[in-house]
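Worksheet: the structure to be examined is printed underneath.
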Amino acid sequence: MQNNIQNRNFYNEILTEHNMRPEFKYDLPAANVVLEGVNPNCGDDIWLKLKVENGVIEDGSFVGDGCAISQASADIMLGMIIGKTKEEALKLGQLFLKMIQGEATDEEIDQLEEASALKDIAHMPARVKCAVLGWHTLEEALKNIS
């Protein structure tokens, strides 16, 4: 029980840090892939901005407003996908969605690094759309590039 509480506190610290001091929340004028993601249920609204060259995500950022979960999730996601190929980023996105749906194995969750801090969202249905907003936006944005 004590270990469970420590884990939850650790995850809360990760989410709080990414919400209060996001590393990737800024404008990116060099972006060549830009897509808005909106969660009409709670008003989360982000613009995902990516610089993609030769199938590799060379840089990325987001701007917009939303709840702590949507903002932290988008920030964590960008930290994971910059430097990855389109295919690698899409695979991480599928893994993230699998985790949120409560269907990922422990080994798969470990591959998600800091994004695993959002695994308990699976037990909070009202917050799932907040957590997946950035990831769904990423998937849509990458679908449109070759």
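Do the conditions hold for Ile46, that is, is it among the β-branched types (Val, Ile, Thr), out of contact with any His (no Cβ under 8 Å at 6 or more places or on another chain), crowded, with 17+ Cβ neighbours inside 10 Å and farther than 17 Å from Lys86 by Cβ?
For Ile46, the condition - among the β-branched types (Val, Ile, Thr), out of contact with any His (no Cβ under 8 Å at 6 or more places or on another chain), crowded, with 17+ Cβ neighbours inside 10 Å and farther than 17 Å from Lys86 by Cβ - is met.
Does the range 128-138 contain any residue that is in a helix (DSSP H, G or I), over 24 Å from Trp47 (Cα atoms) and of a type outside the set (A, V, I, L, M)?
Looking for residues that are in a helix (DSSP H, G or I), over 24 Å from Trp47 (Cα atoms) and of a type outside the set (A, V, I, L, M), one finds none in the range 128-138, hence no.
Looking at the structure I just gave you, is Ala141 under 19 Å from Gly37 (Cα atoms), out of contact with any Ser or Thr (no Cβ under 6 Å at 6 or more places or on another chain), surrounded by 19 or more Cβ atoms within 10 Å (Cβ to Cβ) and free of Cβ contacts under 8 Å to residues at least 60 places away in the same chain?
No, not satisfied.
Quick one: how many residues across the range 44-63 are touching a helix residue (DSSP H, G or I) at 6+ places or on another chain (Cβ under 6 Å) and assigned to a strand (DSSP E or B)?
Within the range 44-63, residues that are touching a helix residue (DSSP H, G or I) at 6+ places or on another chain (Cβ under 6 Å) and assigned to a strand (DSSP E or B) number 6.
Take the conditions surrounded by fewer than 16 Cβ atoms within 10 Å (Cβ to Cβ), touching a Ser or Thr at 6+ places or on another chain (Cβ under 6 Å) and of a type outside the set (Val, Ile, Thr) and apply them to Gly55. Does it pass?
Considered against the rule, which asks whether it is surrounded by fewer than 16 Cβ atoms within 10 Å (Cβ to Cβ), touching a Ser or Thr at 6+ places or on another chain (Cβ under 6 Å) and of a type outside the set (Val, Ile, Thr), Gly55 comes out as yes.
Which members of the range 86-96 meet the condition of being of a type in the set (A, V, I, L, M) and either at pLDDT below 95 or buried (at least 22 other Cβ atoms within 10 Å of the Cβ) (or both)?
Matches in the range 86-96: Ala89 only.
Which residue out of Gly102, Gly83, Gly64, Gly79 is surrounded by fewer than 22 Cβ atoms within 10 Å (Cβ to Cβ), more than 17 Å from Glu23 (Cβ to Cβ) and small (Gly, Ala, Ser)?
Going through Gly102, Gly83, Gly64, Gly79 in turn, the sole match is Gly102.
Quick one: in the range 105-125, of everything that is in a loop (DSSP other than H, G, I, E, B) and either in contact with a Cys (Cβ under 9 Å, 6 or more places away or on another chain) or not hydroxyl-bearing (Ser, Thr, Tyr) (or both), which residue is surrounded by the most Cβ atoms within 10 Å (Cβ to Cβ)?
The selected residue is Leu112.
Being of a type in the set (D, E, K, R), at pLDDT 95 or above and out of contact with any strand residue (DSSP E or B) (no Cβ under 8 Å at 6 or more places or on another chain) is the filter here, so list the residues in the range 109-146 that pass it.
Hit for the range 109-146 is Glu139, nothing else.
Among the residues of the range 17-36, is there at least one that is surrounded by fewer than 16 Cβ atoms within 10 Å (Cβ to Cβ), closer than 24 Å to Pro125 by Cβ, over 14 Å from the mean Cα position of the chain (by Cα) and at pLDDT below 95?
no
The values are calculated or read from the model by the stated rules, or taken from the named source; none is laboratory data. Not measured: the values here are computed from a predicted model. So basically every Cβ, Gly included, is an ideal-geometry build from the backbone, and we count neighbours across all protein chains shown.
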